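Single-structure report; data block below.
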Ligand SMILES: C[S@@+](CC[C@H](N)C(=O)[O-])C[C@H]1O[C@@H](n2cnc3c(N)ncnc32)[C@H](O)[C@@H]1O
């Protein structure tokens, strides 16, 4: 009897330890996952608001791409582009999350901005600019140029405009794009940067066609995405991207991969170029 009792207590102890390990693992791995889920915009309502700023004097229209459809996975849209399920996009209600203090440690934005090679008078589009977290940081690099913060949510655009006024920054302006067209004039930008945004584009192919159109020959794309190859990056799978996937998706648009730097804690820093 005494031996059986001992065994029972041993098994209870093992069960408690296993339960604790599982709970702890779930808490850690879901940290960013739950945050993303709460912040996702599920419908296309917000995204379909009409654009206030349209490209003038241009007949350019992105060619529609045929995406595959399947049942949406958690946090996904069920829309497949080149083997990848497109994620839901982040709602403007998540502005505080974009502006969170921990981002300095998680993303090292200062280092990211140092990696950009821009002339002082360059015109740069920050596409999917959200609250302008990166737009305002990179504005210092182009004192005689400008940063155009492009987003599809008018609330994001309003936030960026208000912040520019508040900070007295004059070389950051906003632009409300469409979900399938950045709607910037042809050959009007020297560079485009997309941070944690491209994987959320509901029409990545059309968006990239329009960005390609807006870039000057030799113009550069900086694509920053959470590293999917690294299981240590605590971000939901659909909000991460492998380097190989990104290169494949840019190549189909005609963009040349120049290099990928991995000097950031969680993100790939990928550089692409439009041919001269
Ligand atoms: C996760 S937030 C990242 C914001 C910002 N780049 C940052 O790092 O703080 C992604 C943003 O992309 C925007 N977005 C989604 N699809 C877009 C599109 N087709 N064109 C422009 N912006 C888009 C969303 O509205 C959202 O503000």
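Numbers for the structure displayed
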| item | result |
| --- | --- |
| Those residues of the range 104-135 which are assigned to a helix (DSSP H, G or I) and surrounded by 14 or more Cβ atoms within 10 Å (Cβ to Cβ), in sequence order | 106, 107, 109, 112, 113, 133, 134, 135 |
| Failed item in (1) within 12 Å of the ligand (Cβ to nearest atom); (2) touching a strand residue (DSSP E or B) at 6+ places or on another chain (Cβ under 7 Å); (3) not in a loop (DSSP other than H, G, I, E, B), with residue 235 passing the rest | (3) |
| Test: residue in the range 250-263 that is in contact (Cβ under 8 Å) with a residue 60 or more places away in the chain and in contact with a strand residue (DSSP E or B) (Cβ under 6 Å, 6 or more places away or on another chain) | yes |
| Count of residues meeting criterion [within 9 Å of the ligand (Cβ to nearest atom) and either part of a loop (DSSP other than H, G, I, E, B) or at pLDDT below 95 (or both)] in the range 154-212 | 9 |
| Among the residues listed as 195, 220, the single one being crowded, with 22+ Cβ neighbours inside 10 Å, over 16 Å from residue 62 (Cα atoms) and touching a helix residue (DSSP H, G or I) at 6+ places or on another chain (Cβ under 6 Å) | 195 |
| Residue 101 vs. criteria without any contact (Cβ under 8 Å) to a residue 12 or more places away in the chain, in a loop (DSSP other than H, G, I, E, B) and more than 10 Å from the ligand (Cβ to nearest atom) | yes |
| The range 213-232, subset in contact (Cβ under 8 Å) with a residue 24 or more places away in the chain and under 14 Å from the mean Cα position of the chain (by Cα), residue nearest to the ligand (Cβ to nearest atom) | 224 |
| Residues satisfying the stated conditions in the range 62-88, i.e. within 16 Å of the ligand (Cβ to nearest atom) and at pLDDT below 95 | 75 |
| Flag if residue 249 is more than 26 Å from residue 94 (Cα to Cα) and out of contact with any helix residue (DSSP H, G or I) (no Cβ under 6 Å at 6 or more places or on another chain) | yes |
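The values are calculated or read from the model by the stated rules, or taken from the named source; none is laboratory data. Please read all numbers here as calculations on a predicted model, not as lab measurements. Virtual Cβ from ideal backbone geometry, glycine too; neighbours counted across all protein chains shown.
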